[in-house]
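Engineer: Just dropping this structure here.
The values are calculated or read from the model by the stated rules, or taken from the named source; none is laboratory data. All of these numbers come straight from a predicted model, not from anything done at the bench. Here the Cβ positions follow ideal geometry from the backbone for every residue, glycine too, while neighbour counts run over all protein chains shown. With ligands, DNA and RNA removed, areas are computed over all heavy atoms of the protein, side chains included. Shrake-Rupley method; radii C 1.70, N 1.55, O 1.52, S 1.80 Å.
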Amino acid sequence: MNLCDLKTIKQVMAMFGINFRKEFGQNFLTNHMVVEDIADQCCDHAHSTILEIGPGIGSLTRELAERYDHVVALEIDHGLIPVLKFTLDGYQNITVINEDVMKTDLASLLAPYFEKGPVAVCANLPYYITTPILMKLLESGLPFSDITVMIQSEVADRLCAPPGGKNCGAITAVLNYYGQPEKLFTVRADNFVPVPKVDSSVVRIRLYREKPYRPLHEGTLFRTIHASFEQRRKTLPNSLSAGFGELTKEELETCITQCGHPLNIRGEKLSIEEFTTLSDAIWHTMQSKKV
Ligand code: SAM
């Protein structure tokens, strides 16, 4: 059964009396070659466990199960669970769980798999919740080897933008702290059913085992990044003043010049290394003000 064939998808869904649910961002892939390419390129080690978010009717799930040791698939839509039971029948290495990834305790769920070997994430993500899912995965602190996701092309360009580019955002800087993103390929909108309004791209993030830049205080790094991008048209001293009410503008200006930047620089020009150094200067200043 080709789960990417449009007629088959419609037949299977009719068999179980279900429809595409827009509120869950259901746009299923209809191009089997794309599914194979994602499964091939999402991870380097065959002896890996793959966490798949949103298996849909199971097209990517099956290809992942053919290539890797185990697949744990989290699907929010309970209507798809009997469908997955049918389409994934006979695969011993797939565990389907009917849960919302945003509410799942990933550390407990994946602990036995991390004990066995590498764990990677692979997903054709629902558009409505791309950034929260990515942030949850990154901030979980779990040692995933890779996170490979299909997302809107515009978001992919943002994730993979070099510092200083117009596409660069807070998420770009945060992502560069955790790993190295790479855009693998773009998939036109007519490769999905229902056809979405925009094209998609596949991004693979290779997560650092040892982060190259380590701030003195992680929370201050994230505050620095978010404050810098909050008001993009402002210069760095003004953006930081809005985000660090406990410091004066003069103190923040001193931090910026200490790090070798001109005062008229904008936050989006900074690399993750420069954000780390700046956040260390801010952290020192905050500590020195404490009695
Ligand atoms: N993997 C399938 C494919 O590539 O054809 C389906 C991808 S579709 C874009 C997104 C899938 O994520 C849907 O099956 C949807 O029900 C599921 N989903 C949406 N929100 C979710 C959530 N919060 N947790 C788990 N699954 C979710």
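Engineer: Assigning unit charges at the beta carbon (Lys, Arg +1; Asp, Glu -1) and nothing else, what dipole magnitude in debye, to the nearest 20, does the stretch 196-270 show about its Cα centre?
Structural biologist: Details: 13 positive and 9 negative charges, 94 e Å.
So the magnitude is around 460 debye.
Engineer: From the phi of every residue in the stretch 52-64, what ³J(HN,Hα) in whole Hz does the Karplus formula 6.51 cos²θ - 1.76 cosθ + 1.60 yield, where θ is phi - 60° and glycine or proline is x?
Structural biologist: 9, 9, x, x, x, 9, x, 5, 6, 3, 5, 5, 5
Engineer: Would you kindly state how much longer the chain becomes between Ala107 and Thr186 on full extension, computed as 0.36 nm times their sequence separation minus their alpha carbon distance, in nm to one decimal?
Structural biologist: Details: separation 79, 0.36 × 79 = 28.44 nm, distance 3.14 nm.
Stretched fully, the Ala107-Thr186 segment lengthens by 25.3 nm.
Engineer: Just how many pairs of Lys in the stretch 6-207 have C-alpha atoms closer than 18 Å, counting pairs that are eight or more places apart or on different chains?
Structural biologist: Values: Lys10/Lys22; Lys10/Lys85; Lys22/Lys197; Lys103/Lys136; Lys166/Lys183.
Eligible lysine pairs with Cα atoms under 18 Å apart amount to 5.
Engineer: Still on this structure, please answer the following. Determine the gain in length on full extension of the stretch Leu6-Gln41; use 0.36 nm per residue of separation and subtract their C-alpha separation, reporting nm with one decimal. All intermediate terms of the calculation are to be shown ahead of the outcome.
Structural biologist: Details: separation 35, 0.36 × 35 = 12.60 nm, distance 2.42 nm.
Extra length available between Leu6 and Gln41 comes to 10.2 nm.
Engineer: In terms of Cα to Cα distance under 25 Å, which lysines are near enough to Lys290, apart from those fewer than 8 places away along the same chain?
Structural biologist: Filter leaves Lys249.
Engineer: Quick one: 3J(HN,Hα) in Hz for the stretch 116-122, Karplus 6.51/-1.76/1.60 with θ = phi - 60°, rounded, Gly and Pro as x.
Structural biologist: Going residue by residue, I get 7, x, x, 10, 10, 10, 9 Hz, with x marking Gly and Pro.
Engineer: Okay, moving on. Determine the per residue accessible area of the stretch 149-256 with all protein chains present and a 1.4 angstrom probe, expressed in square angstrom. Please report the intermediate quantities before stating the final value.
Structural biologist: Values: 5240 Å² over 108 residues.
On a per-residue basis, 49 Å².
Engineer: If you don't mind, there's one more thing I want to ask. With contacts defined as alpha carbon pairs under 8 Å and 6 or more residues apart, what's the relative contact order of the stretch 67-125 in percent?
Structural biologist: Numbers: 40 pairs, mean separation 21.4, N = 59.
Here the relative contact order equals 36 percent.
Engineer: Amide H neighbours of Leu125 under 5 Å, at least 5 residues apart or on other chains, H built in the peptide plane: list them.
Structural biologist: Residues meeting the amide H criterion: Met150.
Engineer: Accessible area of Ser108, 1.4 Å probe, to the nearest 10 Å²?
Structural biologist: About 70 Å², rounded to the nearest 10.
Engineer: Could I ask something else about it? How far is it, in nm, from the label point at Glu218 to the one at Lys166 when both lie 7 Å from their Cα along the line to the Cβ?
Structural biologist: Here the modelled spin labels are 3.5 nm apart.
Engineer: Among Pro118, Ala227, Gly245, whose Cα sits farthest toward the positive end of the charge dipole of the chain (+1 at Cβ of Lys/Arg, -1 at Cβ of Asp/Glu, about the Cα centre)?
Structural biologist: Going by the charge dipole, the pick is Gly245.
Engineer: What residues have an amide H closer than 5 Å to that of Gly179, excluding those fewer than 5 places away on the same chain, when H is modeled at 1.01 Å from N in the peptide plane?
Structural biologist: Tyr208
Engineer: Cα-Cα pairs above 17 Å in the stretch 42-152: how many percent?
Structural biologist: Value for the stretch 42-152: 49 percent of Cα pairs lie more than 17 Å apart.
Engineer: Right, next: Taking the Cα centre of each part, how many Å lie between the stretch 13-32 and the stretch 195-227?
Structural biologist: Value for the Cα centre distance between the two parts: 30 Å.
Engineer: How would you order 149-160, 36-47 from highest to lowest mean count of nearby Cβ atoms within 10 Å? Please list the in-between numbers first.
Structural biologist: On the way: 149-160: 21.0, 36-47: 16.9.
Taking the mean over residues of other Cβ atoms within 10 Å, the ranking is 149-160, 36-47.
Engineer: Report the full-extension gain for the segment Glu139 to Glu253: residue separation times 0.36 nm, less the Cα-Cα distance, to one decimal in nm.
Structural biologist: Numbers: separation 114, 0.36 × 114 = 41.04 nm, distance 2.96 nm.
Extending this stretch completely gives an extra 38.1 nm.
Engineer: For Thr95, what residues show an amide H to amide H distance below 5 Å, using hydrogens built from the backbone and excluding near sequence neighbours?
Structural biologist: Residues meeting the criterion, in which the H sits 1.01 Å from N, are Val71, Val72, Ala73.
Engineer: Which net charge results when you count Lys and Arg as +1 and Asp and Glu as -1 among the other residues whose beta-carbon is under 9 Å from that of Ile282?
Structural biologist: -1
Engineer: Counting only protein heavy atoms and a 1.4 Å probe, tell me what percentage of the chain's accessible area is made up of carbon and sulfur.
Structural biologist: Values: 6900 of 13880 Å².
After summing per-atom areas, the C and S share lands at 50 percent.
Engineer: Per-residue ellipticity at 222 nm for the chain, helices alone: DSSP H runs ≥ 4 residues times -39500 (n - 2.57), over residue total, nearest 500 deg cm²/dmol? Show your work: numbers first, answer last.
Structural biologist: On the way: 12 runs with 122 residues, N = 291.
One gets -12500 deg cm²/dmol as the mean residue ellipticity at 222 nm.
Engineer: Modelled label-to-label distance, Glu154 and Asp69, 7 Å Cα→beta-carbon offset: nm?
Structural biologist: 4.1 nm
Engineer: So, one more: Evaluate 2.2 N^0.38 Å with N set to the residue count of the chain, then give the Cα radius of gyration divided by it. Please report the intermediate quantities before stating the final value.
Structural biologist: Numbers: Rg = 21.5 Å, N = 291, 2.2 N^0.38 = 19.0 Å.
Cα Rg divided by the expected 2.2 N^0.38 Å: 1.13.
Engineer: Give a residue-ordered list of calculated ³J(HN,Hα) values for the stretch 273-290 (Karplus: 6.51 cos²θ - 1.76 cosθ + 1.60, θ = phi - 60°; whole Hz; x for Gly, Pro).
Structural biologist: 4, 5, 4, 5, 5, 5, 5, 5, 5, 5, 4, 4, 5, 5, 5, 5, 7, 6
Engineer: Above 16 angstrom, tally the Cα pairs of the stretch 218-290 and express them as a % of all pairs, no decimals. Please list the in-between numbers first.
Structural biologist: Details: 967 of 2628 pairs.
The share of Cα pairs beyond 16 Å in the stretch 218-290 comes to 37 percent.
Engineer: Between Lys116 and Thr131, what is the spin-label point distance in nm, taking each point 7 Å from the Cα along the Cα→C-beta axis?
Structural biologist: In this crude spin-label approximation the distance works out to 3.5 nm.
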